[in-house]
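Shown next, in structure tokens, is the structure this report addresses.
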Amino acid sequence: MLKDITLGQFFPGTSLAHRLDPRSKIIITVVYIVGLFCAESFVSYGLMAALLVTGVKVSGVAPKALVKGLKPVLFIICFTAVLNLFYTPGEILAQFWVFKITKEGIFTAFFMALRISMLIMGTFLLTYTTSPIALTDGLESLLGPLKKMKVPVHELSMMMSIALRFIPTLIEETDKIMSAQKARGADFESGSLLDRAKALVPILVPLFISAFRRADELAVAMECRCYHGGEGRTKLHVLRYHARDYLVMGAYAAILASVLTLAHFGL
Amino acid sequence: MKPIIRVDNLTHTYGQDTPFCRSAVDGVSLEIMEGEFLGIIGHTGSGKSTLIQHLNGLLRPTSGTVYLGDRDIWADPKKIREVRFQVGLVFQYPEYQLFEETVYKDIAFGPKNMGLSEQEIDRRVRDAAAFVGLDEGLLDKSPFELSGGQKRRVAIAGVIAMEPKVLILDEPSAGLDPAGRRSLLENIRAYHRERGTTVVMVSHSMDEVAENVDRIIVLADAGVVMSGTPHQVFSRAEELVAVGLNVPQVTRVAMELRRRGVAIDPAVYTVAELRRALSALKGGTAVC
């Protein structure tokens with residue numbers, strides 16, 4: 001159950017997608033999402049799908065892993081698709097009781113489902129090919145200008161990288177504690193809702209205690225290494241754009257421009 | 001002796017269908033005899049922890065079967081909880097799983113889940129606390145006020161209180177000081193002696209295993225490489241070293257003596273045995 005969570009998981013590799021600067025990848029992903037929301041026709045969706053497929057091919061990530069990431073949001077996808085199917089006004093194809101299925105509804109439902117799935121797969125591609133550290137580094141650098149407005153960018157990105165860093169640790173810890181309590185006959189799967197909520201106490205108490213303990217230890221360890229915030233802090237790996245970054249970003253910009261143009265002409 | 005747990009060709013693969021796919025246990029078959037004190041040793045990553053989590057049904061084999069008595073424990077997945085009451089498993093660093101307000105309540109968690117009567121729970125809690133050497137006075141304290149070693153004992157008592165047929169301990173003495181280590185192991189030995197239940201101790205410390213167990217199973221690279229009495233296993237000391245394990249310090253002394261031409265049995269593994277072996281060399285007179 002817990003091992004199915006793929007949030008923020010990173011598959012190491014050396015493909016072009018892995019070697020791109022994290023900033024380019026973040027920009028590309030944002031551009032891609034904007035493109036998805038502007039796409040309104042088969043042609044533009046086709047372009048977006050082609051982009052995604054190329055991205056997956058280049059990254060070498062198993063398509064299976066991407067599809068698996070869709071599982072948790074399957075319900076939302078189906079829900080929006082069904083809503084759109086029945087509640088889009090237009091040319092009626094079939095009708096029963098209060099439900100009407102329209103031609104436009106079918107299209108919207110299909111595109112909605114496609115849009116959400118592609119959006120999720122696109123962002124997963126980013127986290128699959130970018131290590132959490134690189135990701136927060138990239139974000140920090142991209143948000144850098146906000147420092148002028150007194151936004152604590154460094155602190156926020158530090159918090160984010162610590163949080164990301166500890167997700168797998170805490171999941172592992174939860175797994176361990178669950179196993180230990182199961183070994184003493186704890187039952188998390190049966191009984192009423194109240195019983196199940198109560199059954200969580202033996203997991204949550206040790207989990208919180210260990211999270212606080214870890215936080216304490218981490219703070220001490222950081223202090224020992226003279227951490228004092230972002231002021232004057234330099235980086236071991238300084239982010240630098242390479243030719244490939246400009247090339248890929250240029251290609252994306254061109255594709256987004258064509259999608260926007262297509263949308264403008266109602267294609 | 002008949003086997004109480006039988007593992008048949010067990011394989012467990014983590015992360016199937018991902019780039020991280022890896023078999024932690026690969027085609028392992030072994031038997032645990034009723035009433036024996038078994039040691040399982042292997043270096044980090046040899047599959048020890050994965051293996052023992054199959055014995056009480058916490059993990060389901062990717063392939064292969066685990067028998068308790070003569071029943072496949074996964075024959076009826078709904079009854080897997082029964083298996084967990086019969087095969088008590090104490091995890092590594094079990095003190096991190098304590099959660100109740102008092103030591104008493106924490107030890108009672110297992111027996112309570114078994115649906116026992118109040119009196120029976122009370123008896124078991126007190127018995128278990130006595131076995132691990134906890135004072136009656138500590139029972140009403142919060143487990144979080146105790147020292148690390150005492151917490152460890154509370155957690156072990158929590159499993160002993162279920163009165164399992166087989167008690168499995170994963171590195172029970174890890175992280176304790178030498179005195180705490182000795183006294184905890186003494187408690188476990190006494191428990192085994194008095195209750196006559198089967199005890200399985202997992203460890204990577206050769207000295208610890210050598211001093212306590214009747215039989216040793218050596219794991220390396222996800223499989224069983226050796227099995228036998230400590231004497232049999234330590235007589236193959238070179239092979240142990242080859243799979244990345246240490247031999248007991250006493251055995252190392254004997255090996256070294258033998259290498260230098262002393263005709264001593266290299267499989268000695270306790271101080272008493274070494275003394276006997278040495279005095280035999282001297283012609284029967286005691287050495288001090």
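Coordinate-derived values only; no laboratory data. Note that this is a predicted model, so its numbers are computed, not measured. Cβ: placed from backbone, ideal geometry, glycine included. Neighbour counts: every protein chain shown.
What the table below lists for this structure:
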| read-out | value |
| --- | --- |
| Region A:157-224 - Rg over Rh from alpha carbon coordinates, Kirkwood radius | 1.10 |
| Size of charge dipole - the protein assembly as shown - debye, nearest 20, with Cβ of Lys, Arg +1 and Asp, Glu -1, no other charges | 1140 debye |
| Selection from A:GLY35, A:THR136, B:GLN53, by position along the positive dipole direction of the protein assembly as shown (Cβ) | A:GLY35 |
| Loop-located chymotrypsin sites (Phe, Trp or Tyr not before Pro) in region A:16-107 whose Cβ has at most 16 other Cβ within 10 Å (DSSP) | A:TRP97 |
| Gaussian network model of chain A, Cα within-10 Å springs - most flexible of A:VAL61, A:VAL53, A:VAL201 | A:VAL201 |
| Karplus-derived HN-Hα couplings along region A:28-41 (A = 6.51, B = -1.76, C = 1.60, θ = phi - 60°), whole Hz, x at Gly and Pro | 4, 4, 4, 4, 4, 5, 4, x, 4, 6, 8, 5, 9, 9 |
| Anisotropy class of region B:160-288 from Cα gyration tensor, a/c 1.5 cut | prolate |
| Descending semi-axes in Å of region B:35-143, equivalent ellipsoid built from Cα gyration tensor | 29, 18, 13 |
| Long-range HN-HN contacts of B:VAL25 with modeled amide H, under 5 Å | B:HIS12 |
| HN-Hα J in Hz across region A:191-208 - Karplus 6.51, -1.76, 1.60, θ = phi - 60°, x for Gly and Pro | x, 6, 4, 5, 4, 5, 4, 5, 5, 7, 3, x, 8, 5, 4, x, 5, 5 |
| Under the Debye formula (equal points on every Cα, no solvent term), log10 I(q)/I(0) of region A:189-267 at q = 0.12, 0.24 Å⁻¹ | -0.78, -1.11 |
| Amide proton proximity set for B:LEU89, modelled H, under 5 Å, gap of 5+ | B:ILE168 |
| Inter-probe distance in nm under a simple model that places probes 7 Å from Cα toward Cβ, at B:GLN92 and B:ASP265 | 3.4 nm |
| Evaluated at q = 0.08, 0.10, 0.14, 0.15 Å⁻¹: base-10 log I(q)/I(0), Debye formula over Cα of chain B | -0.38, -0.59, -1.06, -1.17 |
| Spin-label pair A:LEU170/B:GLU145, simplified geometry with 7 Å Cα→Cβ offset, distance in nm | 3.0 nm |
| Cut-off under 5 Å, modelled amide H: who pairs with B:ARG215 long-range | B:PHE37, B:GLY39 |
| Lysines with Cα under 21 Å of A:LYS68, excluding same-chain neighbours fewer than 8 positions away | A:LYS3, A:LYS57 |
| If the convex hull is drawn through the Cα atoms of region A:20-80, its volume per residue in Å³ | 108 Å³ |
| Ellipticity estimate at 222 nm from DSSP helix runs (n ≥ 4, -39,500 (n - 2.57)) divided over the protein assembly as shown, nearest 500 | -17000 deg cm²/dmol |
| For chain A, radius of gyration divided by Kirkwood radius, i.e. Rg to Rh on alpha-carbons | 1.05 |
| Gyration tensor over alpha-carbon atoms, the protein assembly as shown, equivalent ellipsoid semi-axes in Å | 56, 30, 25 |
| Order of A:ILE27, A:ILE167 under a 10 Å beta carbon neighbour criterion, fewest first | A:ILE167, A:ILE27 |
| Charge context of A:PRO132, other residues only, Cβ under 14 angstrom, K/R +1, D/E -1 | 0 |
| Simple spin-label estimate for A:LYS68 and A:ALA215 in nanometres, 7 Å along Cα-Cβ | 3.1 nm |
| For B:HIS231, B:HIS12, order by how many other beta-carbon atoms lie within 10 Å, fewest first | B:HIS231, B:HIS12 |
| If the convex hull is drawn through the Cα atoms of region B:136-234, its volume per residue in Å³ | 126 Å³ |
| Rg ratio (alpha-carbon, reference 2.2 N^0.38 Å) - region A:50-148 | 1.49 |
| Reference-scaled alpha-carbon Rg (2.2 N^0.38 Å with N residues) for region A:196-241 | 1.91 |
| Antiparallel DSSP beta bridges within the protein assembly as shown, percent to nearest 5 | 55 percent |
| Most mobile of A:PRO12, A:PRO22, A:PRO168 in a GNM of chain A (Cα contacts under 10 Å) | A:PRO12 |
| Table column - 3J(HN,Hα) (Hz), region A:98-115, Karplus curve with 6.51, -1.76, 1.60, x for Gly and Pro | 8, 8, 10, 9, 10, 4, 4, x, 4, 4, 4, 4, 4, 5, 4, 4, 4, 4 |
| Alpha-carbon radius of gyration plus Dmax, which is the widest Cα pair, for region A:129-267 in Å | 22.9, 66 |
| Sorted by Cβ density within 10 Å, fewest first, the residues B:SER29, A:SER161 | B:SER29, A:SER161 |
